[in-house]
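A.B. asks: I have a structure I would like to understand better, so I am pasting it below and will then ask my questions one at a time.
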Amino acid sequence: MHILIALTYYRPHYSGLTIYAEREARALVARGHQVTILTSRFDKNLKEHEFRDGVEVIRPKVWFHISKGVIMPGMPAWAWKLARQADVVHLHVPQLDAAPISILCKMLHKPVVLTYHCDLRLPKGVVHSLANHVSNLANAITASLADIVVTNTRDYAESSAFLSRYLHKLMPLFPPVEIENVSTADLEAFRRKFNLQPGQRIIGIAARLATEKGVEYLAQALPAVLQRYPDARVLFVGPYQHVVGEEQYARRILSIIEPLGEHWSFLGVVTPVEMSAFFHESEVFVLPSLNSTESYGMVQVEAMSSGTPVIASDLPGMRVPILRTGCGLLVPPANHEELAAALIAILEDPQRYRGQPEMLVRLSTPDTVAQEYEKIFDLVQDRTRLKHTLMTLADSPRDLTR
């Protein structure tokens, strides 16, 4: 099967959406499919055409940015060319180009699968407001034309003002989670590289330094934790400098974090092996996101698969992994006092909160997710062929003498 996957950002960009798409694409290639990624050349130093892990990647030129979106006049031409060659088109949103691509696909009678990752909520401001409206319009057009809408959980879909309108074509599917095996030597190398000391109580967080991630509430919770555990230390993995659209937030949050001194460390983007070591070394992992821009949080399942309890905001979608596994605690969003209490409770007795994540982890492997997408792609192809056949029969001349 030839699958065209379109999304705004792909690797080496770092976000949950790009990691999801990368894992999906690699797993589908490993299962024998041909996969083409149509995305943006958000960095002018990136190649227009390359292969990454057997996946073909094509990046039209970006003319300019609107908030976190990109404007690519060459995208429709590329989409028309590549969609004609594909058996099925898979669109990941939020994505401004999803609407015109879905329209082109319908003109070509190509089946469209839409994976809706989250509602978009940009900061206040004229440009951000315009981007929000355009994105919402693009999402509505795309969802209306899509044959199937995939999202992480039904819990999130039913709470979303947008997704709840498309429950009749919804297929929930856990996102792909992948964690590297690590050796004792890998763990020791991680400790040396990031100067982890004996007796430190490690609190992990992995995210972009972005407004919706709620990082400030972890920073505000830490002083109370330090009163109980003076050697506690937060390890922050992920981009924290020059995050697109988050420069003002970064300045504000750093003024809160800097007084914490050696109790907070930014590790930046780490290797897959280091990421796994990070989860193993963390005694508790925190996902303090604030709103519906976080619909699940793959990183919390990665932490659970490493035996690490999780504290997550009690929000639709995000709460599902902890409710399914019992591996951690849920706290109200934007509440540093409740977060501090949960951190202290888990650090007091981590074993009590390890739960039973094994079934969720098995359902979330990239190969399992790829198999589920295969079923969806086969279904939409069958529907499209049947619809095309019925249209052909309806348009064919009839013998009126019978």
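The values are calculated or read from the model by the stated rules, or taken from the named source; none is laboratory data. Bear in mind that the values here come from a model prediction, so they are computed numbers and not experimental data. FYI the Cβ positions are ideal-geometry reconstructions off the backbone, even for glycines, and counts take in every protein chain you see.
A.B. asks: Need pairs with beta-carbon distance below 9 Å; first residue under 13 Å from residue 250 (Cβ atoms) and touching a residue at least 12 places away in the same chain (Cβ under 8 Å) and within segment 208-219, second surrounded by 24 or more Cβ atoms within 10 Å (Cβ to Cβ) and among the charged types (D, E, K, R); sequence gap 6+ or separate chains.
C.D. replies: 213/294
A.B. asks: Follow-up. Does residue 323 meet the test of being within 17 Å of residue 175 (Cα to Cα), at pLDDT 95 or above and among the aliphatic types (A, V, I, L, M)?
C.D. replies: So residue 323 passes the test.
A.B. asks: Another question, then. Starting from residues that are over 24 Å from residue 9 (Cβ atoms) and either outside the structural domain of residue 202 (by TED's automatic domain parsing) or polar (S, T, N, Q) (or both), keep the ones in segment 241-268 and report whichever is modelled with the lowest pLDDT.
C.D. replies: Taking the candidates together, the pick is 255.
A.B. asks: Give segment 3-57 a look and list any residue that's of a type in the set (A, V, I, L, M, F, W, C) and over 23 Å from residue 376 (Cβ atoms), or say none.
C.D. replies: 42, 46, 51
A.B. asks: Let me ask something additional. Which condition number does residue 184 fail, the rest of (1) buried (at least 22 other Cβ atoms within 10 Å of the Cβ); (2) hydroxyl-bearing (Ser, Thr, Tyr); (3) over 20 Å from residue 117 (Cα atoms) being met?
C.D. replies: (1)
A.B. asks: Can you confirm whether residue 212 is at pLDDT below 95 and touching a Lys or Arg at 6+ places or on another chain (Cβ under 8 Å)?
C.D. replies: Yes: the conditions hold for residue 212.
A.B. asks: Name the residue, out of 198, 172, that is in the same structural domain as residue 148 (by TED's automatic domain parsing), surrounded by fewer than 19 Cβ atoms within 10 Å (Cβ to Cβ) and either modelled with pLDDT of 95 or more or out of contact with any Lys or Arg (no Cβ under 6 Å at 6 or more places or on another chain) (or both).
C.D. replies: So the residue among 198, 172 that is in the same structural domain as residue 148 (by TED's automatic domain parsing), surrounded by fewer than 19 Cβ atoms within 10 Å (Cβ to Cβ) and either modelled with pLDDT of 95 or more or out of contact with any Lys or Arg (no Cβ under 6 Å at 6 or more places or on another chain) (or both) is 172.
A.B. asks: For segment 97-114, how many residues meet the condition of being under 21 Å from the mean Cα position of the chain (by Cα) and outside any helix (DSSP H, G or I)?
C.D. replies: Count: 4.
A.B. asks: Sort out which residues of segment 370-386 are among the hydroxyl-bearing types (Ser, Thr, Tyr) and farther than 19 Å from residue 116 by Cβ, and write them in order of number.
C.D. replies: 384
A.B. asks: When the residues of segment 204-241 are narrowed to those that are β-branched (Val, Ile, Thr) and closer than 20 Å to residue 118 by Cβ, which ends up surrounded by the most Cβ atoms within 10 Å (Cβ to Cβ)? First the steps, then the outcome.
C.D. replies: Quick first cut of segment 204-241, residues β-branched (Val, Ile, Thr) only: 205, 211, 215, 225, 234, 237.
Within this subset, residues satisfying the condition of being closer than 20 Å to residue 118 by Cβ are 205, 211, 215.
On the way: 205: 24, 211: 22, 215: 28.
Per the stated criteria, the residue is 215.
A.B. asks: Could we say that residue 32 is within 21 Å of residue 177 (Cα to Cα) and out of contact with any strand residue (DSSP E or B) (no Cβ under 6 Å at 6 or more places or on another chain) here?
C.D. replies: It is true that residue 32 is within 21 Å of residue 177 (Cα to Cα) and out of contact with any strand residue (DSSP E or B) (no Cβ under 6 Å at 6 or more places or on another chain).
A.B. asks: Look at residue 376 and say whether it is modelled with pLDDT of 95 or more, closer than 21 Å to residue 202 by Cα and outside any loop (DSSP other than H, G, I, E, B).
C.D. replies: No: the conditions fail for residue 376.
A.B. asks: Can you find even one residue in segment 334-352 that is under 23 Å from the mean Cα position of the chain (by Cα) and surrounded by fewer than 19 Cβ atoms within 10 Å (Cβ to Cβ)?
C.D. replies: yes
A.B. asks: Here is a list: 19, 37. Which entry is outside any helix (DSSP H, G or I) and not basic (Lys, Arg)?
C.D. replies: 37
A.B. asks: Within segment 223-231, is there a residue that is of a type outside the set (Val, Ile, Thr) and either on the phi > 0 side of the Ramachandran plot or under 26 Å from the mean Cα position of the chain (by Cα) (or both)?
C.D. replies: So far as segment 223-231 goes, no, none of its residues is of a type outside the set (Val, Ile, Thr) and either on the phi > 0 side of the Ramachandran plot or under 26 Å from the mean Cα position of the chain (by Cα) (or both).
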